[in-house]
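See structure below.
The values are calculated or read from the model by the stated rules, or taken from the named source; none is laboratory data. Bear in mind the structure is a predicted one, so any value in this text is a computation, not a measurement. Note: ideal-geometry Cβ built from the backbone for every residue, glycine included; neighbour counts use all protein chains shown.
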Amino acid sequence: MSALETFDVLIIGGGSGLTAAYYAEQDSRRIALVTDRPDAMGGTCVNFGCIPTKTLIAAARAADAVREAHHFGVHVDTDTIEIDFAGIMSRMRAARTKAADGARQWVENSMTLFDSSATFVGEREIETATGQRIRGERVFIATGSAPVIPSIDGLADIEYWTSADVLERSECPASLIVVGGGYIGCEMACFFAAMGTQVTLVHSNATLLAEDDEISEHVTEHFDDRVARCHGRAVAVRQDDGMTHVTLRSDAGDESDISAKALLIATGRAPVTQSLGLAHAGIETDDSGAIVVDAGMATTAPGVYAYGDVIGRAAFKHTSSSEGEIAYRNAFGGDRQMDYASNPHAVFCRPEVAGVGLREADCHDQGLDYRVSRLAYTDTARGQIEQASDGLAKLIVDDDERILGCHIAGPEASVLIQEVVVAMNTPGAPAACVQRAIHIHPSLSEVVGTLFETL
Ligand SMILES: Cc1cc2nc3c(=O)[nH]c(=O)nc-3n(C[C@H](O)[C@H](O)[C@H](O)COP(=O)(O)OP(=O)(O)OC[C@H]3O[C@@H](n4cnc5c(N)ncnc54)[C@H](O)[C@@H]3O)c2cc1C
Ligand SMILES: NC(=O)c1ccc[n+]([C@@H]2O[C@H](COP(=O)([O-])OP(=O)(O)OC[C@H]3O[C@@H](n4cnc5c(N)ncnc54)[C@H](O)[C@@H]3O)[C@@H](O)[C@H]2O)c1
C-alpha cells in the first residue's frame, strides 16, 4: 500500500468539481483532483451535455431559419437544402474537444490530477484504483449523474442510443423514436427533426416537459408541427431487418407498435454514488442514492461537501456552479445557503422554454393566494415582426405583488427569463422592479415588460 498523501482540498469528479478547484486555486491551496474520466475534463456539460448539444441545436436553428425564410419574403428551394450531418457532428466534437482540452490544461497546471475512480476508505480519505491513499482537509464530491435505463422488455438485447451515444454518430437516421418527453427527449427530437429525420417522441406524461401546465400544453401543441408524438409508456422493444420496433402501452392499457431506424432512450438520470464507498466515511444518501446535504452543501460527514447532479436537486450546470461556490466558501468558514427559489432553467427545444420559481400548480398545492398574468409574444411589436406565434409568457405573483414564478415559451426564452431572475434576487422580489424598468422598443424584452404591466 502506498503512503497516505494529504491535500488542503480533495475533489472527486472533474465536471463541476472544477468549480471548487477554481476557488481553491485562487486561495493558493494544495488541491488533489480525482476523476475517472480525465479524457473528458469538464464532465458532462463540456463533453456530453450543454456544450455539444447546444452546438447541435445551433445547427438545427440555422436549418429551420432557412426553411422558414419564405415567411419573410425570402425564397429558397427547400428541396435542395443540403444538411451536412457528418460535418455538423464533427464541428460539435471539435467544440467539446477544445473546451475539454482547455480545462485539462488548466487542471494539469494548477493541481495534482489522479486519473482514477475514488472510493472512500475512511473519514475524508479515499483510495484510487491503484491503491493510492489520499486525504483532504476538506473534501468535495461532485460525481454527477448517469442515464437511467428503464425496464423495457428486450431493451438489453438491442442497440439503442443514450444522449452520449448520439454525439458519436456521423450518419443521420431516416427515422428515430425518442423515448422520454423531458429535457433531453425534447431537445434531441427538435435537433433530429431539423436534420430531416422523421421523429416520433414517446412520452409517458400527458404533456411534454414538467413545466407550468399551460406552458407544457403550449409546447406540446407546437411540437406537433414538426414531430410525431405518442402518449404512452414504452414497454417492449425488438429489432429486425434494420428496424427497431417499440410497443407502447397507453394509460388505458391498450398496446400499439411504432417503428424506426434508430432509438434514443432519454428517461432521466440518477446520481452516481454506488461505488464511492460513502458508508465508510459516514456520508448518507437518500432513497434515490443522492448524497444528503444541508442548505450549505455540507454532507453528514464533517468537512465533506457535495454538489451538482450527485445531490439530486436541480441538475443544471449553472446550479452546480453556484452550489460549488457555496460549498467551497462554507468549507472555509463561510455561512451561505443555496436558494433554489430563483434558480432558473431552460430547455433549448422549439419553442424554447425557460422558467423560474413556482408553477401555478405548486401555488395551488401550497394553498397560496396568487394572481396570474399571461401574454402572447404577438401582443408586442417585436413578437409580431418576428411572427413569433409560438411565444407565450406567464407571470405569477402573490397578493403583495411579489414574484412567485415566471414561465416563458418562445424565441429567446432563456434570455428573457434572466430579468425576472434578477428581480427575484432583489429582497422582497417586487414585481415593481420589472414594471418600472424601461424596455427597449421594439425588442423581445417588451414581452417581459408588458407581461408585468398587465398584472
Ligand atoms: C444531454 C445533456 C444536456 C444538458 N444540457 C444542459 C444545458 O443546456 N444547461 C444546463 O444547465 N445543464 C445541462 N445539462 C445538465 C448538466 O450537464 C449537468 O447538470 C452538469 O454537467 C452536472 O455537473 P456535475 O459536476 O454534477 O456532474 P458531471 O459533469 O457528470 O461530473 C461528474 C464527474 O465525476 C466523475 N466521477 C464519477 N464517479 C467517480 C468516481 N467514483 N471517482 C472519480 N471520479 C468520478 C466523472 O467522470 C465526471 O468527471 C445537460 C445534461 C445532459 C446529459
Ligand atoms: N437544457 C438543460 O438544462 C438540460 C438539457 C438536457 C438535460 N438536462 C438535465 O438532464 C436531466 C435528465 O434529462 P432527461 O430528459 O433524461 O430526464 P427528464 O426527467 O427531464 O425526462 C424524462 C422523461 O421520460 C419519461 N419516461 C420515463 N420512462 C418512460 C417510458 N418507459 N416511456 C416513456 N416515457 C418515459 C418521464 O415521464 C419524463 O418525462 C434533466 O432532468 C436535466 O436536469 C438539462
Item to complete: Kindly state which strands (runs of 3 or more DSSP E) lie completely within the range 65-133 and contain at least 2 residues that are of a type in the set (A, V, I, L, M, F, W, C).
Response: 112-115, 118-122
Practice prompt. Kindly indicate whether any position in the range 106-129 is within 12 Å of ligand 1 (Cβ to nearest atom) and over 30 Å from Ala24 (Cα atoms).
Written response: no
Worksheet item: Of everything in the range 261-292 that's free of Cβ contacts under 8 Å to residues at least 24 places away in the same chain and under 19 Å from Ser320 (Cβ atoms), which residue is farthest from ligand 1 (Cβ to nearest atom)?
Response: Val292
Worksheet item: Somewhere in the range 380-395, is a residue farther than 30 Å from Phe192 by Cα, outside the structural domain of Lys54 (by TED's automatic domain parsing) and outside any loop (DSSP other than H, G, I, E, B)?
Response: yes
Worksheet item: When only residues in the range 325-346 that are more than 8 Å from ligand 1 (Cβ to nearest atom) and not in a loop (DSSP other than H, G, I, E, B) count, which is surrounded by the most Cβ atoms within 10 Å (Cβ to Cβ)?
Response: Ala327
Worksheet item: Can you tell which of Thr380, Thr299 is touching a Pro at 6+ places or on another chain (Cβ under 9 Å), in contact (Cβ under 8 Å) with a residue 60 or more places away in the chain, polar (S, T, N, Q) and crowded, with 23+ Cβ neighbours inside 10 Å?
Response: Thr380
Worksheet, complete the sentence: Scanning the range 183-201 residue by residue, those more than 16 Å from Lys54 (Cα to Cα) and surrounded by fewer than 24 Cβ atoms within 10 Å (Cβ to Cβ) turn out to be Gly196, Thr197, Gln198, Thr200
Worksheet item: So which of Arg91, Arg67, Arg61, Arg133 is within 30 Å of Ala331 (Cβ to Cβ) and assigned by TED's automatic domain parsing to the domain that holds Ile31?
Response: Arg133
Practice prompt. Out of the residues in the range 407-439 that are out of contact with any Lys or Arg (no Cβ under 7 Å at 6 or more places or on another chain) and part of a strand (DSSP E or B), state the one that is surrounded by the most Cβ atoms within 10 Å (Cβ to Cβ).
Written response: Ile408
Discussion item. I'm trying to understand the selection: among the residues of the range 124-152, which are within 11 Å of ligand 2 (Cβ to nearest atom) and either surrounded by 16 or more Cβ atoms within 10 Å (Cβ to Cβ) or touching a residue at least 60 places away in the same chain (Cβ under 8 Å) (or both)?
Written reply: Gly144, Ser145, Ala146, Pro147, Val148, Ile149, Pro150, Ile152
